[in-house]
Amino acid sequence: MIHPVSFSASPVKFPVSIHTPEPTHFAGKSKQLDTSPSVINGSHYYTRTAKTFRVFRPDTNAVIGRINACPSEIVNVAVRYARDAFRVWSQTNPHERAAKLKQIAGIIRNNKSELARLDAMNNGKPLAEAEMDVDDSARHFEVFAEQLLQQRDQRVKMPDGSETTIRKTPVGVVGQIIPWNYPLMMAAWKLAPALAAGCTSVIKPAEQTPLSLIRLAELITEANILPKGTINVITGGKETGLALLSNPGIDKYSFTGSTQVGKIVAQMAASNPSGPKDVILELGGKSPSLVFADANLEAAVKGNAFGIFINKGEVCSANSRIYVEDAVYDQFVSRLKAYAENIKLGAYDETDVKMGPLVSKEQQKRVHGFVERAVKDGATLVTGGYIPTEGKLAKGNYYPPTILTNVDPRSEIAQQEVFGPVVIVSRFKSEEDAVRLANNSQYGLAASIWTKDGDRQRRLSQAVEAGVTWVNASQPAYAEIPWGGVKGSGYGKDKLESYQVDRTVYIHNDADTPLFDWFVNPDTVKTV
Ligand code: ADP
């Protein structure tokens, strides 16, 4: 079924395989080379029969590439190679693994401009933001390498005087599915802890933004630092994701994306043909931000603007609900409006641009739909709320920073994740009121609290239901700190221990005496 094809004059640097369910004549390489391949076991894989996805640049909507939707046969191949590689990679010692992870970090840093450009062009974010994502990706490999080196087996004394060792061992082959908002970074957030633990991965980028992860897999393959098949990138969308979820060779899944798809992931992992599988789910959010009158208003305005408008609001932890204490509410709204209206929109490579286009036309329509319905429901549009129809911006999927007030807390815009640069700002009268509003959500990913009062900081960081709470800040995320939500925002975190299983070894300290001498006393057994 899988036929390796060799190209002598091909610019492709890898062995190439082409998948043909019925052996067919290969029609030519130029068409094939327009397509970004899956990278499986250190080879490029193309498939001729499956459907393809076009890859766009969202500032112009020009097509910049194509990917195959890998069918289950290709997913099976990837999982098989990942299993082979697991036998090797899982046996490496932590020092060796940590060194390799640091080498991967080096590769990412050395290729920063290429990787950042791919992400910026393909996702739409400004180059400077994509460069920060690349740095963060490299850091994840460095930090997890260090964490691995710090990890020790745990020895526990038993009440009977013996000792049990609790050993952290790799979970196995992991299936990882990532979204389009941070294409390289989300891959790094998942790959770094998995590889550190000794797992191997079959990872699927989002169909909209596959380019940077494919390139990273190529760079790692070129450097020849991992056993082949340790990282396998499969391209495709929902069907490929479903094929990965139903593959019996996967030991654990990690998914970042919508809550809706997260539910499917959890259900499919539970009914995997080879037994129920554990899942890490990093899902949506509708994160509240509580601004008290004693906060520094200037800092709160800038911090909240960053928290909702960075990465065009396509951030699962975006502070999309801001609640402001009555006394400073009007001032906050007018300052946020002025600040938002000064944010420069444009293409990723334009100077001074701070906000790019949304990832797709579809996403632009979706975001605008939320705003239109909110206004129809009685919300006041303070700024933004339109699709640009003139000039350069009209070509791309731009959406301006948008602020809504007078929003009913039960309405769609207050409850559903928009995943765009759209924020609602409402007032509160008391601390209890603020907590009640903050927790009035199915989600619990992140929250931020703006106050100088230390007691209130402590009280609220307990009372607000969020996996990640920031005080006088919004959005900082570090490799050192586990990331993930509570409530409808998912469960589990992409940390080292999540990719490990505890295995215990009990050693009875007196080999000559049975530990349990329960059923028969040998002294009383008569030999005939
Ligand atoms: P978004 O709404 O942000 O696009 P999704 O949750 O739809 O997020 O997608 C996140 C990732 O999940 C992408 O890689 C996408 O291809 C994948 N995906 C979408 N639907 C499914 C599905 N039913 N099963 C498995 N993966 C899926």
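The values are calculated or read from the model by the stated rules, or taken from the named source; none is laboratory data. Just so you know, these numbers come straight off a predicted model, no measurement behind them. Please note: Cβ atoms are built from the backbone with ideal geometry, for glycine as well, and neighbour counts cover all protein chains shown.
Quick rundown of the values:
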read-out	value
Evaluation of Gln457 against (1) without any contact (Cβ under 8 Å) to a residue 60 or more places away in the chain; (2) on the phi > 0 side of the Ramachandran plot (one fails), failing number	(2)
Selection status of Pro179, assigned to a loop (DSSP other than H, G, I, E, B) and within 11 Å of the ligand (Cβ to nearest atom)	yes
Failed item, numbered, when Ser137 is tested on (1) under 23 Å from Glu480 (Cβ atoms); (2) in contact with a strand residue (DSSP E or B) (Cβ under 8 Å, 6 or more places away or on another chain); (3) surrounded by 24 or more Cβ atoms within 10 Å (Cβ to Cβ); (4) not aromatic (Phe, Trp, Tyr)	(2)
Hits in segment 319-370 - residues which are basic (Lys, Arg) and out of contact with any Ser or Thr (no Cβ under 6 Å at 6 or more places or on another chain)	Arg321, Arg335, Lys344, Lys354, Lys361, Lys365, Arg366
Some residue of segment 302-312 being within 16 Å of the ligand (Cβ to nearest atom), more than 30 Å from Gly106 (Cα to Cα) and touching a residue at least 24 places away in the same chain (Cβ under 8 Å)	no
Filter pass, Ala188 being near the ligand (Cβ under 10 Å from one of its atoms), within 30 Å of Val418 (Cα to Cα) and not in a strand (DSSP E or B)	no
Any chance Ala318 is hydrophobic (A, V, I, L, M, F, W, C), at pLDDT 95 or above and more than 30 Å from Val261 (Cβ to Cβ)	no
Any pair with Cβ under 6 angstrom, 6 or more apart, that starts in segment 253-271 at a residue that is closer than 20 Å to Ala194 by Cβ and ends at one that is near the ligand (Cβ under 7 Å from one of its atoms) and part of a loop (DSSP other than H, G, I, E, B)	Thr256/Ile178; Thr256/Pro179; Gly257/Pro179
When residues of segment 234-264 are limited to those that are of a type in the set (A, V, I, L, M, F, W, C) and within 12 Å of the ligand (Cβ to nearest atom), the one nearest to the chain's Cα centre (by Cα)	Phe255
Residues of segment 265-283 classified as more than 10 Å from the ligand (Cβ to nearest atom) and hydrophobic (A, V, I, L, M, F, W, C), total	6
Residues of segment 465-500 that turn out to be within 30 Å of Glu298 (Cβ to Cβ) and assigned to a strand (DSSP E or B), as a count	4
Test: residue in segment 203-218 that is within 11 Å of the ligand (Cβ to nearest atom), under 27 Å from Asn93 (Cβ atoms), within 17 Å of the chain's Cα centre (by Cα) and not in a loop (DSSP other than H, G, I, E, B)	yes
Search result, residues across segment 354-398 that are more than 14 Å from Arg57 (Cα to Cα), outside any helix (DSSP H, G or I) and touching a strand residue (DSSP E or B) at 6+ places or on another chain (Cβ under 9 Å)	Lys354, Met355, Ala379, Thr380, Leu381, Val382, Thr383, Gly384, Gly385, Tyr386, Pro388
Within segment 301-357, considering residues that are small (Gly, Ala, Ser) and touching a Leu at 6+ places or on another chain (Cβ under 9 Å), the one nearest to Val418 (Cα to Cα)	Gly313
Options Val143, Val173; residue that is touching a strand residue (DSSP E or B) at 6+ places or on another chain (Cβ under 6 Å) and β-branched (Val, Ile, Thr)	Val173
Residues located in segment 432-464, provided they are in contact with a helix residue (DSSP H, G or I) (Cβ under 7 Å, 6 or more places away or on another chain), in a loop (DSSP other than H, G, I, E, B) and under 18 Å from Asp294 (Cα atoms)	Thr451
Qualifying residue in segment 94-103 (condition: of a type in the set (A, V, I, L, M) and modelled with pLDDT under 95)	no
Of the criteria (1) without any contact (Cβ under 8 Å) to a residue 40 or more places away in the chain; (2) among the small types (Gly, Ala, Ser); (3) within 16 Å of the ligand (Cβ to nearest atom), which one Gly106 fails	(3)
Pick from segment 265-323, criterion within 18 Å of the chain's Cα centre (by Cα) and among the acidic types (Asp, Glu), ranking: nearest to Asn342 (Cα to Cα)	Glu314
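Okay, residues lined up against (1) farther than 30 Å from Ser430 by Cα; (2) among the hydroxyl-bearing types (Ser, Thr, Tyr); (3) surrounded by 17 or more Cβ atoms within 10 Å (Cβ to Cβ):
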| residue | (1), (2), (3) |
| --- | --- |
| Ala338 | no, no, no |
| Asp352 | yes, no, no |
| Leu358 | yes, no, yes |
| Val371 | no, no, yes |
| Pro388 | yes, no, yes |
| Pro400 | yes, no, yes |
